[in-house]
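One structure is given here, and the rest of the page talks about it.
The values are calculated or read from the model by the stated rules, or taken from the named source; none is laboratory data. Nothing here was measured: the structure is a model prediction, and the numbers come from that model. Note: ideal-geometry Cβ built from the backbone for every residue, glycine included; neighbour counts use all protein chains shown.
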Amino acid sequence: MKSATLGGGSDGYCDRCHILPLAALRLDSDTCAPQCGTDINQLKKELTMKRAADLALATLISLVLLLPSLLVALRLMLDGGPVLARPHRVGRSGRMIKAFEFRTAVSEPGAMETVGGCEGEQVTPFGAFLRRTGIARWPMLLCVLRGDFSVVGPRAELPRYVGCYPTEVRKRVLAVKPGLIDLSTVEFRDEQRLLRGLEGEALETAYMEKVLPQRLEYAQRYVEQRGFLTDAGILLRTLLLPLRG
């Protein structure tokens with residue numbers, strides 16, 4: 001797949017000196033308004049149906065995961081410290097969201113959030129297990145229930161990396177709610193391989209050069225193709241992922 005080019009850096013990717021300030025990520029209502037020719041009533045109907053599907057799916061999955069989530073929470077309480085972490089993500093229209101994840105590390109308050117976690121953090125042994133298995137993200141369902149996320153939508157990104165998006169791409173991707181899963185979940189199988197064994201600056205550089213551009217390509221494809229059938233297909237393919245090995 002051809003990768004998008006991120007703005008800012010002379011080497012074709014965004015470096016720390018070119019990341020936009022948080023205030024610049026916000027999009028005004030005109031930017032996110034439906035394009036000319038869009039059937040407003042049809043759009044409202046589709047959004048209402050999507051919200052209803054999100055609530056139904058998130059409620060069902062939350063009930064299924066309730067008991068194991070309580071066991072995870074109990075284990076974290078025994079370790080001391082909070083059960084949940086509140087990482088920042090960028091939502092629709094560039095609005096900042098404090099998401100929910102199980103706590104997986106010990107870090108200083110206000111530490112910079114990167115793809116590898118907060119700078120200077122110490123990942124606990126149990127936290128490493130939660131990250132490796134994806135259990136750490138289970139509380140993200142709370143973001144769906146309160147309306148910040150959809151189950152299916154462009155993957156929510158950290159503010160520092162959204163500042164790297166080319167302007168038109170940022171407008172397009174941030175015009176819809178972020179999701180827990182998207183096309184990259186089922187089609188971009190190389191992400192872990194590309195980042196495996198990397199830490200610190202090397203990890204962030206690889207993420208911005210090799211992973212983020214491809215994620216943006218999938219996010220734009222989703223925005224262009226979004227609809228009930230697209231969401232259903234992504235959900236089904238995600239459920240079948242364990243069978244693919």
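Taking the listed residues Val144, Val169, Val151, the one that is in a helix (DSSP H, G or I), modelled with pLDDT of 90 or more, in contact with a helix residue (DSSP H, G or I) (Cβ under 8 Å, 6 or more places away or on another chain) and within 21 Å of Leu239 (Cβ to Cβ) is Val144, with no other qualifying.
When segment 155-175 is filtered for residues that are of a type in the set (A, V, I, L, M, F, W, C), surrounded by fewer than 22 Cβ atoms within 10 Å (Cβ to Cβ) and farther than 20 Å from Lys210 by Cβ, only Ala175 remains.
Scanning for something at pLDDT 95 or above and touching a strand residue (DSSP E or B) at 6+ places or on another chain (Cβ under 6 Å), does segment 49-71 turn up at least one residue? Yes, segment 49-71 has at least one match. Among the residues making up segment 174-193, those that are in contact with a Ser or Thr (Cβ under 8 Å, 6 or more places away or on another chain), outside any strand (DSSP E or B) and of a type outside the set (A, V, I, L, M, F, W, C) are Lys177, Pro178, Thr185, Glu191. Annotation: of all residues in segment 119-138 being in a helix (DSSP H, G or I) and in contact (Cβ under 8 Å) with a residue 40 or more places away in the chain, the one that is nearest to the chain's Cα centre (by Cα) is Arg137.
If we scan segment 98-110, do we find a residue that is more than 17 Å from Ala73 (Cα to Cα), modelled with pLDDT of 90 or more and in a helix (DSSP H, G or I)? No: segment 98-110 contains no residue that is more than 17 Å from Ala73 (Cα to Cα), modelled with pLDDT of 90 or more and in a helix (DSSP H, G or I).
Per-residue answers, yes or no, for (1) in contact (Cβ under 8 Å) with a residue 60 or more places away in the chain; (2) farther than 30 Å from Asp79 by Cα; (3) not basic (Lys, Arg):
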{"position": "Met140", "(1), (2), (3)": "no, no, yes"}
{"position": "Val173", "(1), (2), (3)": "no, yes, yes"}
{"position": "Leu183", "(1), (2), (3)": "no, yes, yes"}
{"position": "Arg189", "(1), (2), (3)": "no, yes, no"}
{"position": "Ala232", "(1), (2), (3)": "no, yes, yes"}
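Listed here are the residues, each with its yes/no results for (1) farther than 30 Å from Ser62 by Cα; (2) touching an Asp or Glu at 6+ places or on another chain (Cβ under 8 Å).
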{"residue": "Cys164", "(1), (2)": "yes, no"}
{"residue": "Leu194", "(1), (2)": "yes, no"}
{"residue": "Gly200", "(1), (2)": "yes, no"}
{"residue": "Tyr218", "(1), (2)": "no, yes"}
{"residue": "Glu224", "(1), (2)": "no, no"}
{"residue": "Leu235", "(1), (2)": "no, no"}
{"residue": "Leu243", "(1), (2)": "no, no"}
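Residue pairs whose Cβ atoms lie under 8 Å apart, separated by 6 or more positions or on different chains, with the first residue in segment 47-61 and over 13 Å from Asp148 (Cβ atoms) and the second among the small types (Gly, Ala, Ser), are Lys50/Ser150.
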